[in-house]
1. What does the charge count around L84 come to, taking other residues whose C-beta lies under 13 Å from its C-beta (Lys +1, Arg +1, Asp -1, Glu -1)?
2. Based on alpha-carbon atoms only, what is the radius of gyration of the chain relative to the globular estimate 2.2 N^0.38 Å?
3. Once you compute Rg and the Kirkwood Rh from C-alpha atoms, what is the Rg to Rh ratio for the stretch 19-90?
4. Cα-based Rg of the stretch 1-130 per 2.2 N^0.38 Å, rounded to two decimals?
5. Considering Cα pairs under 8 angstrom that are at least six residues apart, work out the relative contact order of the chain and quote it in whole percent.
6. Among N126, T157, A101, flag the residue with its Cα farthest along the positive direction of the charge dipole of the stretch 100-221, charges on Cβ as +1 for Lys/Arg and -1 for Asp/Glu.
7. Taking only DSSP H segments of four or more residues, each worth -39500 (n - 2.57), what value at 222 nm results for the chain once the sum is divided by all its residues, to the nearest 500 deg cm²/dmol?
8. Per residue, how big is the convex hull around the C-alpha atoms of the stretch 86-139? Give it to me in cubic angstrom, could you?
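What follows is calculated from the coordinates using simple rules that are stated; it is not laboratory data. In this text the structure is predicted, and so the values were computed from the model without any measurement. When we count neighbours, we look across all protein chains shown, and the Cβ atoms used for this are built from the backbone with ideal geometry, even at glycine.
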Amino acid sequence: MTVAENLTQLKSLLPSGVKLIAVSKNHTTDRIFEAYRSGHRVFGENKAQELISKQPLLPNDIEWHFIGHLQTNKVKNILAFVKLIHSVESFKLIKEINKEAHKKNITANVLFQFHIASEESKYGFNFEEAHSILSSEEFKSMNNISICGVMGMATFTEETHIIRQEFKHLKVIYDKLKEEFFSNNDNFKEISMGMSDDYLIGIEEGSTMIRIGTAIFGQRK
Ligand SMILES: *Cc1c(COP(=O)(O)O)cnc(C)c1O
């Protein structure tokens, strides 16, 4: 199947209110153009350097999402054109994003990434860490960062009950944070969960954004 066919098929399965982010990491700008020509506008990359080199070669109306580990020294280079950073997982990074957004006189939109998988290697906050940041005076005084929701990656496993349980956990975290910190904040509304192998479970468990690479572009090298 072509990229366009994959996109059409995926979109036909998506309930309204779930956004499809085409994860184009490791794929050439030609492949991204293929998706763009079929009408798709929302793309995700997980490496700042790769995003910085691709972005100027591609149309301006692409909505870029950053979904990978972000080093503080790369923040200023992506902030001006990235719509949403899904992968904020340290206070240090939050401070840097707020500082750079302040300099540019913009509001940076971010998600808090939570560690919901059993694997050690995956980045992310636990609930207590996020809670203590959101409760802090320092955070409350930041005016240039908007927390739009949560993101998480499930364990890489074929045992779907484990994936489902981890997504349920992320939804519980989202609900608790919404109630305690964001009940009057309409920006806090996103749950980014679900990839090529588990997006259907993600959607069933309340996802509002799925991040799909392989099922659109095929295997990465
Ligand atoms: C690579 C990546 C994806 C997409 O993975 P696929 O299995 O190819 O759909 C989604 N989210 C993040 C954070 C990624 O790094």
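1. Numbers: positive: K19, K83, K189, R211; negative: E45, E63, E190.
So the surrounding residues net to +1.
2. Details: Rg = 16.9 Å, N = 221, 2.2 N^0.38 = 17.1 Å.
My calculation over the Cα atoms of the chain gives 0.99.
3. Working: Rg = 11.5 Å, Rh = 12.3 Å.
The Rg/Rh ratio comes out at 0.94.
4. Values: Rg = 15.8 Å, N = 130, 2.2 N^0.38 = 14.0 Å.
Here the Cα radius of gyration is 1.13 times the empirical estimate.
5. Details: 374 pairs, mean separation 43.8, N = 221.
20 percent.
6. A101
7. On the way: 10 runs with 91 residues, N = 221.
Theoretical 222 nm ellipticity from helices: -11500 deg cm²/dmol.
8. Numbers: hull volume 4.3 nm³, N = 54.
Considering the Cα atoms of the stretch 86-139, their hull volume per residue is 79 Å³.
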